[in-house]
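Written out below as structure tokens is the structure these notes cover.
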Amino acid sequence: RSSDLANVALIFNVVLMVGVMSMIPGATMTLPGIAGIVLTMAIAVDTNVIIYERTKEELFAGKSIKQAYTDGFKHALNAIIDGHLTSLLTALVLFIFGTGPIKGFAVTTGIGLIMTFFTSVLLSRVMIFHRLNKGKGLSVWTPATKNLFRNTWIDFIGKRKYAYIVSAVLTVICIVSIATHGF
């Protein structure tokens, strides 16, 4: 399954991150650094989910597995670049204006984002197309998940007024709590 290849890419991502981090003179692994690795892994998983969901859409449109992956990667790229650049800019701001542990978090996150982009977009693609070009099959779903949520439609915009009310109530509760008990 394609999720097995995604797992290989995630493991390779961690190995690359730790390798690059070990080349930085004087760098030590701190709790903020570990938090940066965890955040990066979450972004890597999200990147793979975006790719595979786009691929599923192409398969449901009737395309072959090879064409579906080609188009899936192509259509996912803008969202992936947007998410990675936004996070990289945040890491850069944290590095410039942060001190000590915050800078460590920013460095780890920045390195992790670059490695995640490399492993998710390039390495995953190479592994997938290597397998497909050898004539081996590849699946993006299991029989139980193929049509799961396929015809589900939730009118989020229609329910927005309820979300406004819940948000307003929670905001008031938080403000009262801060005012009476402090931070």
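The values are calculated or read from the model by the stated rules, or taken from the named source; none is laboratory data. Note that this is a predicted model, so its numbers are computed, not measured. We place every Cβ from the backbone using ideal geometry, glycine too, and count neighbours over all the protein chains shown. Accessible surface areas use protein heavy atoms only, side chains included; no ligands, DNA or RNA. Shrake-Rupley method; radii C 1.70, N 1.55, O 1.52, S 1.80 Å.
Can you give the charge dipole size of region 8-122 about its Cα centre, rounded to the nearest 20 debye, using +1 on the beta carbon of Lys and Arg and -1 on the beta carbon of Asp and Glu?
Here the size comes out at about 140 debye.
If you look for lysine pairs in the chain that are eight or more places apart or on different chains, how many of them have Cα atoms under 19 Å apart?
Lysine pairs satisfying the spacing and distance rule in the chain number 12.
Report, to two decimal places, the Cα Rg of the chain normalised by 2.2 N^0.38 Å (N = number of residues).
For the chain, the normalised Cα radius of gyration comes out at 1.29.
Among A42, G182, L123, pick out the residue whose Cα is farthest towards the positive end of the charge dipole of region 35-183, where Lys and Arg carry +1 and Asp and Glu carry -1 on C-beta, about the Cα centre.
The one lying farthest along the dipole's positive direction is L123.
As a test of the formula, what do you get for the chain when each DSSP H run with n ≥ 4 contributes -39,500 (n - 2.57) and the sum is divided by the residue count, at 222 nm and rounded to the nearest 500 deg cm²/dmol?
Roughly -25500 deg cm²/dmol at 222 nm, from the helical runs in the chain.
For a quick check: with amide H placed at 1.01 Å from N, whose amide H comes under 5 Å from K63's, ignoring anything fewer than 5 positions away on the same chain?
none
So for region 36-133, taking the charge dipole from beta-carbon charges (+1 Lys/Arg, -1 Asp/Glu), which of T99, I65, T109 sits furthest toward the positive end?
Farthest towards the positive pole: I65.
Report, as a whole number in µm² per second, the diffusion coefficient that Stokes-Einstein gives for region 138-181 at 10 °C and 1.306 mPa s using the Kirkwood radius over alpha carbon pairs.
Rounded, D is 112 µm²/s.
Which ³J(HN,Hα) values, rounded to whole Hz and listed in residue order, are derived for region 79-95 from phi using the Karplus coefficients 6.51, -1.76 and 1.60 in 6.51 cos²θ - 1.76 cosθ + 1.60 with θ = phi - 60°, glycine and proline given as x?
For region 79-95, the Karplus-derived couplings read 5, 5, 4, 4, x, 5, 5, 4, 5, 5, 5, 5, 4, 5, 5, 4, 5 Hz, x marking Gly and Pro.
Check each of the trypsin sites (Lys or Arg not before Pro) in region 85-136 and keep only those in coil by DSSP with at most 14 other C-beta atoms within 10 angstrom; list them in order.
Filter output for region 85-136: K134, K136.
Taking a probe of 1.4 Å, how large is the accessible area per residue of region 32-83, in Å²?
Averaged over the residues of region 32-83, the accessible area is 47 Å².
Would you mind telling me the share, in percent, of accessible area of region 15-127 contributed by carbon and sulfur at probe 1.4 angstrom?
C and S atoms contribute 74 percent here.
Pop out the ³J(HN,Hα) list for region 145-161 in order, Karplus 6.51 cos²θ - 1.76 cosθ + 1.60 with θ = phi - 60°, rounded to Hz; leave Gly and Pro as x.
9, 4, 10, 5, 6, 4, 10, 8, 9, 10, 7, 5, 5, x, 9, 4, 5
In whole Å, how far is the Cα centre of region 104-183 from that of region 76-100?
A separation of 16 Å, based on Cα centres.
For W141, what residues show an amide H to amide H distance below 5 Å, using hydrogens built from the backbone and excluding near sequence neighbours?
none
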